[in-house]
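The values are calculated or read from the model by the stated rules, or taken from the named source; none is laboratory data. Since the structure is predicted, the reported quantities are computational estimates derived from the model, not experimental observations. FYI the Cβ positions are ideal-geometry reconstructions off the backbone, even for glycines, and counts take in every protein chain you see. Surface areas here come from the heavy atoms of the whole protein model, side chains and all, with no ligands, DNA or RNA. Shrake-Rupley method; radii C 1.70, N 1.55, O 1.52, S 1.80 Å.
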Amino acid sequence: MRRRATDFRRPVRKRVPDVLWWALCVAVVLLFIYILTRETQIESIPVLSKRTYKNDRIMEGLNITEEMLSSDSVTRQLNDQISLAKAFVIIAKESNNLQFAWELSAQIRNSQILLSNAATRRSPLTTRESESAIHDMALLLYQAQQLHYDSATMIMRFKAKIQALEEQVSSVNEKSSKYGQIAAEEVPKSLYCLGVRLTTEWFKNLNLQKKSNDNGVLEMKINDQNRYHFCVFSDNIIATSVVVNSTAKSSKNPNMIVFHIVTDKINYAAMKAWFSINNFRGVTVEVQKYEDFTWLNASYVPVLKQLQDSEIQSYYFSGNSDDGKTPIKFRNPKYLAMLNHLRFYIPEVFPALKKIVFLDDDVVVQKDLSDLFLLDLNGNVNGAVETCMETFHRYHKYLNYSHPLIRAHFDPDACGWAFGMNVFDLVEWRKKNVTGIYHYWQEKNVDRTLWKLGTLPPGLLTFYGLTEPLDPLWHVLGFGYTNVDPQLIERGAVLHFNGNSKPWLKIGIEKYKPIWEKHIDYSHPLLQQCNFH
């Protein structure tokens, strides 16, 4: 056979036997599996340990034993029956099935005694000793199901019960509001007694009248522009006395203070007698009655004109109109009382004065107020503390913004402020005819569509753009209806018992009464005779 040339021969290839290649591959795969298995075991050990620890903690927290975890545990069965039976007891009582509720309760006690005995001896219950209790409880639970004590039925019953309770709560709240309003408007017997005794004293004691009518020095003081002038419009003798007394005690120079008190003719003699009998550290006190103001008539004052309207009289005084749809607080006749609206006529009441501080009769003064007369109101008429730290006290909460007149003239988010301690620049007041602005809005609200309640809403309209914000510590509110920050109580200059819970009433907030009562001398003979305490 002929051989191929050397150049054309195939090169010799050295091969590794196939068996060795296969053996090597198998070894690599086995090594990979071994490493993977080891890592899985290492990672699973702490997880299992953690899970076991967690289960132990759950068993310990719920007082679960190994016996209760078994599939045929009679202890767990008894506990389940007791839980269900307790729910049925409540439902049975709600359904007025007291006999059945008693039977369930008795059986619950029997099952609980069994469980307690087993726990005491530290050995699980046996089927034999628990068989009777489980059987009897099962019969009662079946009976409960036959009585339709199922979840769907009871949900409907509870919904009806909740609705009935909500209606009761609504009714109780409405009554509470009415009774609270009535309580706030009451005249305590002791206060009525004091008024009668002071009036009697005034008319029988000619020397007292003569002393009061000696007006030479008084006239000079009440018109002195260099003195600190305060005004209070009130028919409450004791409340007014606390305002004057607390202001005198807090003042660095009480001799420079003049209080102008305006009341009605019913309380005029009593008020005159009280401030003539008592001395308030040299404070000058002038008492007037608004019936003496000749300019205060229906042709000038819209409120007096409205009082002559039969519909207005029916709304505020009959109590029968609109089927009680309007809350009682909006129908309170005091909101038409002239003593409330007199604050809008201060320049007419005190024609000789240039600046005055208005105080409500439910305030207590605990700091010297002389610096108020040095404040620059920057051309504004009213210096007041703003109350819009929360959204509730903005204009839209007091006024009816569905009315086009309100929408057109007032920012709904404008900041509200408080009556009760106000600095009034009477020169600017007269220049800007603020009383005329008040008259305009009162006449527009004859149908009560702009606002409904009190003197603050017309005040917000009247002094809109004419109010200078004061430091909040000058006037701290809330003592008649809420809790007040103790730091504000400590640092506040004027503390205001605004709200229904006045300190002279039984419904006053007890923890705040001492703030007011410390300015009353309960040893005074007249107060003792009238049982003030």
Quiz prompt | Matching residues in segment 249-259 - criterion: being surrounded by 20 or more Cβ atoms within 10 Å (Cβ to Cβ) and among the small types (Gly, Ala, Ser) | solution = 251
Quiz item: With respect to residue 71, is the statement that it is small (Gly, Ala, Ser), outside any helix (DSSP H, G or I) and either modelled with pLDDT under 85 or open to solvent by less than 80 Å² (accessible area, probe 1.4 Å) (or both) true?
Solution: yes
Quiz item: Can you name the helices (runs of 4 or more DSSP H) wholly within segment 454-529 that have at least 2 residues being loosely packed, with under 15 Cβ neighbours inside 10 Å?
Solution: 486-491, 525-529
Quiz prompt | Where residue 357 falls short, out of the listed (1) under 30 Å from residue 255 (Cα atoms); (2) not in a strand (DSSP E or B) | solution = (2)
Quiz item: Among the residues of segment 220-229, is any assigned to a loop (DSSP other than H, G, I, E, B), at pLDDT 95 or above, open to solvent by less than 50 Å² (accessible area, probe 1.4 Å) and in contact with a helix residue (DSSP H, G or I) (Cβ under 7 Å, 6 or more places away or on another chain)?
Solution: yes
Quiz item: Identify, please: which residue in segment 507-533 is hydrophobic (A, V, I, L, M, F, W, C) and either modelled with pLDDT under 95 or closer than 18 Å to residue 197 by Cα (or both) and is, among those, nearest to the chain's Cα centre (by Cα)?
Solution: 509
Quiz item: When segment 265-282 is examined, which residues are found to be of a type in the set (A, V, I, L, M) and either open to solvent by 20 Å² or more (accessible area, probe 1.4 Å) or touching a His at 6+ places or on another chain (Cβ under 6 Å) (or both)?
Solution: 266, 277
Quiz item: From the residues in segment 167-204 that are modelled with pLDDT under 65 and of a type in the set (A, V, I, L, M), which one is surrounded by the fewest Cβ atoms within 10 Å (Cβ to Cβ)?
Solution: 182
Quiz prompt | Filter result for the condition that a residue is out of contact with any Lys or Arg (no Cβ under 6 Å at 6 or more places or on another chain), closer than 21 Å to residue 258 by Cα and of a type in the set (D, E, K, R), over 397, 355 | solution = 355
Quiz item: Identify, please: which residue in segment 390-412 is in contact (Cβ under 8 Å) with a residue 60 or more places away in the chain and in a loop (DSSP other than H, G, I, E, B) and is, among those, surrounded by the fewest Cβ atoms within 10 Å (Cβ to Cβ)?
Solution: 398
Quiz item: Which one of the conditions (1) within 21 Å of the chain's Cα centre (by Cα); (2) farther than 18 Å from residue 388 by Cα does residue 430 fail to meet, given that it meets all the rest?
Solution: (1)
Self-check item: Residues of segment 281-290 classified as within 23 Å of residue 196 (Cβ to Cβ) and out of contact with any strand residue (DSSP E or B) (no Cβ under 8 Å at 6 or more places or on another chain), total
Solution: 0
Self-check item: Residues that are in contact (Cβ under 8 Å) with a residue 60 or more places away in the chain, within 18 Å of residue 195 (Cα to Cα) and not in a loop (DSSP other than H, G, I, E, B), drawn from segment 241-265
Solution: 241, 242, 243, 262, 263
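Any idea which of 243, 262 is of a type in the set (A, V, I, L, M) and either touching a helix residue (DSSP H, G or I) at 6+ places or on another chain (Cβ under 9 Å) or surrounded by fewer than 22 Cβ atoms within 10 Å (Cβ to Cβ) (or both)?
262 is the lone residue from the list that is of a type in the set (A, V, I, L, M) and either touching a helix residue (DSSP H, G or I) at 6+ places or on another chain (Cβ under 9 Å) or surrounded by fewer than 22 Cβ atoms within 10 Å (Cβ to Cβ) (or both).
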Quiz item: Of the residues that make up segment 121-138, is at least one over 17 Å from residue 73 (Cβ atoms), open to solvent by less than 60 Å² (accessible area, probe 1.4 Å) and touching a residue at least 60 places away in the same chain (Cβ under 8 Å)?
Solution: no
